[in-house]
Structure formats: structure tokens, C-alpha cells
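These notes concern the structure reproduced below.
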Amino acid sequence: RWQPLVGTPGAASTSRADLARSAAALLRQARVDSRPALAREAETVVRTALDRYPRDYQTRRTLATVLLSQHRFREAIVIAEQTRALNPDDAWNHGVLGDASLELGEYDAAWTAYDTMMRIRPSAQAYARVAHALELSGDLERALETMQMSAEATSAHDPEALAWHYAQLGHLQFELGRLDDADREYRRAAFTFPGHPYALA
């Protein structure tokens, strides 16, 4: 469906807040629609914002997330380290650092970042990251338990995120050989957000 360009009538404004929200929405849509090109569009939006507000913390933080979504892990680390230096108590920066480090196989750095994230602010995002790291280390039972905590910490006003969590729970149940439980979680994901690609897959 045609969408008006950011900054035109009927679209998000180019205020700092709206630009950050717009980029985040594009990343979410890229996940839901399996359209990686939207991540590049999100980067354009963020860099447009940085041209106007080069010192804006929220926008720089969003850039790290956008780079992470494009698998540009080293670049994401550079930006996340810069924003962490500006605000070491923002758990989000540690999450980005952990994700990028994990994808690069730098597991000690990833666990350190996740531990810091959990210490600063336990949240759905933090639990999900720890669950993924536990899964990669082979501890599926603890991964399942931690992902359940993540799902329970997710707002009912965010059905796409809930569907993602339910699909992750289904995946872990499947890995554990519990097919009926996996089926239940996948169906719950598909009901919560019809057509969610993770549930359908």
C-alpha cells in the first residue's frame, strides 16, 4: 500500500520523536513482511534525522539497532559503544552490544553485555536475549523458561511482539521434541497476529 513520504502531509513528521518511531516501525514491518529492504529505508530515515539533529541521543541509539538488523555488526558495535558512553545506564545499548557480539561469535562479550542489561533493567527484551544465548549454549530448558518470562513481560498492546514470543516458545518446544506444546504456541502466535511469518513457518 502506498505510504506518504516522511515529512509530507499524512505521514510522520520529521520531529526527532517521529523519526525514531518511524524507523522502529519500519524495522518491525521488515520482520513481519519479510522485506529486508525496509531496514535500508529505516536507515535512510535515521540518517535524515541525524543530518538535522546530529547530537540527538535517541536517534543515534536507533541507528545502532538499524545497523544490527542489517547484520552490520561491527558498525552497530561502534555506534552502541558511543551511545553507551553517553548513557551507561541505558540497558538498550548493552542489548545491541550483546546481540552484535553474539552474532560475531564473541560469546564472553555477549554474556557480559546481557548480564549488564539484566542488572540495569530486567525486561522482555533482556529476557529474550538471554533465552537466545541459553539456546545457543544448549540449555534448552532454561532457554524455554526465560523466553516464557520474556513473553509474560510483553505488553498485551503489542500483538506483533507477543506473536514473535509465542513463535519462539514454539520453536524451543519443537527443539525439545514436545510437538503438541510447539503446535499450541505456533497456533497462539498465528491467532495473536494473523499471518505472522514466524508462526506460519
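Considering the chain at the alpha-carbon level, its Rg and Dmax are found to be 17.4, 52 Å. Is the range 43-162 best put as rounded, prolate or oblate by its Cα gyration tensor, with a ≥ b ≥ c the root eigenvalues, rounded for a/c under 1.5, and otherwise prolate when a/b is larger than b/c, oblate when not? The shape class here is prolate.
A run of the chain free of exposed loop cleavage sites, with trypsin sites (Lys or Arg not before Pro) counted only in DSSP states other than H, G, I, E and B and at most 12 other beta carbons within 10 Å, reaches its longest extent at 56-201. Residue 196 contributes about 0 Å² of solvent-accessible surface, heavy atoms of the protein only, 1.4 Å probe. Sorting 77, 120 by accessible area puts them as 120, 77; the probe is 1.4 Å, largest comes first, and only protein heavy atoms count.
Rounded to the nearest 10 degrees, the angle from helix 16-33 to the longest Cα principal axis of the chain is 40 degrees.
Here the chain has 52 percent of its accessible surface on carbon and sulfur atoms, given a 1.4 Å probe and all protein chains in place. Angle of helix 159-175 to the longest C-alpha principal axis of the chain, folded into 0 to 90 degrees and rounded to 10: 40°. Basic side chains Lys and Arg get +1 at the Cβ, acidic Asp and Glu get -1 at the Cβ, and with that the dipole of the chain about its Cα centre reaches some 860 debye. For residue 75, the accessible area of its heavy atoms, probed at 1.4 Å with every protein chain present, is near 80 square angstrom.
Between 0 and 90 degrees, the angle of helix 107-120 with respect to the longest Cα principal axis of the chain falls at about 80 degrees.
For the chain, the relative contact order comes to 11 percent (Cα pairs under 8 Å, sequence separation of at least 6). The mean of 1/r over all distinct Cα pairs in the range 103-177, once inverted, gives the Kirkwood hydrodynamic radius of 12.6 Å.
Across every direction, the projection of the convex hull enclosing the Cα atoms of the range 41-88 has a mean area of 3.0 nm². Each listed q (0.16 Å⁻¹) maps to a log10 I(q)/I(0) for the range 140-201 from the Debye sum over equal C-alpha point scatterers, namely -0.42.
Run the helix sum for the chain: -39,500 (n - 2.57) per DSSP H stretch of 4+ residues, divided by residue count, reported at 222 nm to the nearest 500 deg cm²/dmol.
That comes out to -23500 deg cm²/dmol.
The values are calculated or read from the model by the stated rules, or taken from the named source; none is laboratory data. Everything quoted here is computed from the prediction, not taken from an experiment. In this analysis, Cβ positions are derived from the backbone assuming ideal geometry, glycine residues included, and neighbour counts consider all displayed protein chains. In case anyone asks, the SASA skips ligands and DNA or RNA and just uses the protein heavy atoms, side chains included. Shrake-Rupley method; radii C 1.70, N 1.55, O 1.52, S 1.80 Å.
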